[in-house]
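**Student:** Got a structure for you, written out below as structure tokens; questions coming shortly.
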Amino acid sequence: MERLVRFKLLGHNFSFYTDALDEDVEQIISLVKEEVESNSPQNRSTVPSSKTLILACLQLAARYVELKREFSTYRQQQDKRIDTLIDKVASEIK
């Protein structure tokens, strides 16, 4: 069931609707906060929070693209291994 989630980040209130599991929502918000804090300069007054949020989004997107590429490579390797096993089993059956 979809519900409203609220959280505070860089002094701003955010809210969104989701039907994700509570533990997933907690992990997502935690990850975003961690990313924003790692991109936030010590003196926050000189960098707008919107720029800090955009930098965090870009870094998360970069991680996503990297994981997507790694998963694709993994799948290709597994497909090759499965094909090799199928060939071995087929040759043993004959």
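**Student:** Using beta carbons and a limit of 6 Å, which pairs, at least six apart or on different chains, have the first residue in segment 37-48 and farther than 14 Å from His12 by Cβ and the second one surrounded by 11 or more Cβ atoms within 10 Å (Cβ to Cβ) and at pLDDT 65 or above?
**Tutor:** Within 6 Å, the pairs are Asn39/Thr52; Asn39/Leu55; Asn39/Ala56; Pro41/Val47.
**Student:** Could you figure out which of (1) touching a Phe, Trp or Tyr at 6+ places or on another chain (Cβ under 7 Å); (2) hydrophobic (A, V, I, L, M, F, W, C); (3) in a strand (DSSP E or B) isn't true of Ile29?
**Tutor:** (3)
**Student:** Residue check: is Ile29 of a type in the set (Val, Ile, Thr), modelled with pLDDT under 90 and either surrounded by 12 or more Cβ atoms within 10 Å (Cβ to Cβ) or at positive phi (or both)?
**Tutor:** No.
The values are calculated or read from the model by the stated rules, or taken from the named source; none is laboratory data. If you're wondering where the values come from, they're calculated on a predicted model, not measured in any experiment. Quick reminder, even Gly has a Cβ in these numbers, built from the backbone with ideal geometry, and neighbours come from all protein chains shown.
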